[in-house]
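One structure is given below, encoded as structure tokens.
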Amino acid sequence: MIALLKMESFRLMRQSRTYFALAGVLLIEVVVLLSAYYQGNEVIDIVLSQLQESFYFKGTLVNGNLISYLILNSMWFHLPLILMIVVSGLLTSEYKDRTLLTAMMQPVSKVQYLLSKYVVGILFSLIIVLLLLLTSLGLSYAIFGKGDLVVLMGGLNFYEQPEALSRIVMAFIAGAFSMIFYSVTSLTLAVIFKDVTKTWIVSVLFIVISSLLMKIDFGSEILNNLFYFKLNQSWQLFFYPEIPWENIMLKTGLIVMYTILMGAVGLLIFKKKDIG
Amino acid sequence: MRPIITTLLLLTCLITSAQQTEIDPDLLEIKQRLDSIKSFTADLSLDVDINFINMPKKTGTLIYKKGSPAQIKTDDFMLVPKRGLDFSLEQLFEHPVITVHRETRMQDGDSLKVINVIPTSDKSNFSIAELTLNITKKRIAESKISTLRDGSYTIFFSFPDRTSILPKQIIIQFEVERIKIPLSFLGKDVEIDRKLKRSEDIKKGSIILDITNYRDLL
């Protein structure tokens, strides 16, 4: 298994799309950072203009914490897309190059073979999220400095620097679970569809439909908390004044279960499927 | 004829001796006490008590120089109230005013006098103010000011001891209009209680200023 993991990691690092993906994430981040700066100024002006009747403002709210928070808001559509393209490529490229047939002739278990891809895909997702966390905080603080974070969550909430940073980091950690779910799903889709283009199209559809379904109210708290597309916003809960830890743990637990389920489905199909 | 002249004289005496005076002498005395303070520096702690704003207590340094608005220096982001930092009542007396005595009462062993301050000039930026003067301790206990453009606000003063003219705590109460925040702002897919939102158009809020460690007092 260790040898398989090393091999898959090597394969991932050799893929040019991996580096395109990393560059893409950074480029999107810079664009989002710039637009967040202008959006942040505009929205803060709108909010504070209504308080100007009663208050003067000392200091600025357009700082690294706010920019990082706006990057958080924006990345949870673009990042899953990039991850799904790269991670699904771990399998679809093998189908395309027919190296999978060669690999299956070796004394290696099909389940272990695919499981190693799932593991490497998960590790890659975590590395990307970590890279995004470090670069967004680093760039935001370097350019905009530190300060209070203002968030609209059940009221206008202000968080001072140390607390703002810890909430942003925890939000990234919560978001990482969602990214892992999407990565695992993309590999499962690759198992089902095999073809690169088909897998990409279905992956995009999966993300778009998930985003649309997320906004539907099913009229039942159980249903609203049960479907996977309702679970991907748990990172926002860290910005309520009182963090609802139970709710976060429940949502995170459920997304982990969905991830395991997706992985299990992929492994089952791959095991039963005739590779030839 | 004689009763008419007597009645007219009596009326004139009543009018001139009525509770209405140019400036109440107790208020003038308190203002003189406040005017004697040329400058000071103090540590400030500011707490925002408005139910849709959740902000931690902020600290800073309050710098007062007579003739200039009080300044607050801080490294944090702070919502500094526009009203309540006029320690010498300069804004009330910036233009000519008259005072009207409303009532005098006892409270906790102190004699309190309530007077209205009414500007006589069109240039004044307030329409009427109600001051509660602590006659026993020669300082202001409370002030309610109705401004022409910035709404009304009430200020409550607390003092550290019987003789101090500089407060240890100032509570400023005012009305804040419902903030119209774009729903897409910084809270993706936030659930909004629309009925509650509509019902809370005007909110009352308070700013609580705790002032300690007065120094550089001139």
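Every number here is computed from the coordinates shown, using simple stated rules; none is lab data. As the structure is a computational prediction, the values presented were derived from the model and not from experiment. Methodologically, a virtual Cβ is constructed for each residue, glycine included, from the backbone with ideal geometry; neighbour enumeration extends over all protein chains shown.
Points to keep in mind about this one:
- In this Cβ point-charge picture (+1 for Lys and Arg, -1 for Asp and Glu), the range A:2-272 has a dipole of about 1460 debye about its Cα centre.
- Mean-position separation - Cα centroids, the range A:181-225 and the range B:60-94, in angstrom: 56
- A simple spin-label model places pseudo-atoms 7 Å from Cα toward Cβ; at B:N51 and A:F227 they are separated by 3.4 nm.
- Given B:K57/B:K144; B:K82/B:K168; A:K230/A:K273; B:K38/B:K137, the pairs whose alpha carbons are separated by over 23 Å: B:K57/B:K144; A:K230/A:K273
- Ordering A:I222, A:S166, A:G145 by Cα displacement along the dipole of the range A:2-272 toward the positive end leaves A:I222 in first place; charges were set at the Cβ atoms of Lys, Arg (+1) and Asp, Glu (-1).
- Taken about its Cα centre, the protein assembly as shown carries a charge dipole of about 1480 debye when Lys and Arg each add +1 at the Cβ and Asp and Glu each add -1 at the Cβ.
- Ranked A:I67, B:I50, criterion: other C-beta atoms within 10 Å, fewest first: B:I50, A:I67
- Residue-averaged beta-carbon neighbours from other chains (10 angstrom radius) around B:74-82: 6
- Extending 7 Å from Cα along the Cβ direction at A:V31 and again at B:T136 yields two label points whose distance is 7.2 nm.
- Residue among A:S203, A:S183, A:S54 with the largest mean-square fluctuation in a Gaussian network model of chain A, springs linking Cα atoms under 10 Å: A:S54
- Among A:I209, A:I180, A:I85, residue whose mean-square fluctuation peaks in a GNM of chain A (springs only between Cα atoms under 10 Å): A:I209
- Estimated from the Cβ-Cβ distance and a Förster radius of 51 angstrom, the FRET efficiency linking A:R17 and A:Q52 is about 0.55.
- Seen against the Cα atoms of chain A and their longest principal axis, helix A:2-14 is set at about 60 degrees.
- Among A:S93, A:S178, A:S68, residue whose mean-square fluctuation peaks in a GNM of chain A (springs only between Cα atoms under 10 Å): A:S93
- Exercise: per-residue mean of other protein chain Cβ atoms within 10 Å, B:51-62: 4
- Sparsely packed loop sites in the range A:73-159 (the trypsin sites (Lys or Arg not before Pro) outside DSSP H, G, I, E and B with at most 12 other Cβ atoms within 10 Å) comprise A:R98.
- Counting neighbouring beta carbons within 10 Å and listing from fewest to most, the residues A:Y182, A:Y19 come out as A:Y19, A:Y182.
- Given R0 = 41 Å, the distance between the Cβ atoms of B:T59 and B:E22 translates into a calculated FRET efficiency of 0.45.
- Taking a sphere under 15 Å around the Cβ of B:F77 and counting the other residues whose Cβ falls inside, with K and R at +1 and D and E at -1, yields a net charge of -2.
- Extension reserve of the B:S39-B:T163 stretch, reckoned as 0.36 nm per residue once the Cα distance is removed: 42.8 nm
- Taking chymotrypsin sites (Phe, Trp or Tyr not before Pro) across the range A:23-77, none is in a DSSP loop with at most 14 further Cβ atoms lying within 10 angstrom of its Cβ.
- Cα lying deepest toward the dipole's positive end in chain A, options A:M1, A:T102, A:L156, charges on Cβ: A:T102
- For the range A:180-253, the dipole from Cβ point charges (+1 on Lys and Arg, -1 on Asp and Glu) about the Cα centre works out to 320 debye, to the nearest 20.
- Along the axis of the charge dipole computed for the range A:2-272 (Cβ charges of +1 for Lys and Arg, -1 for Asp and Glu, origin at the Cα centre), the listed residues A:Y69, A:W235, A:V119 are led at the positive end by A:V119.
- Label point of A:M170 set 7 angstrom out along Cα-Cβ; within the range B:61-94, no amide nitrogen lies under 15 Å from it.
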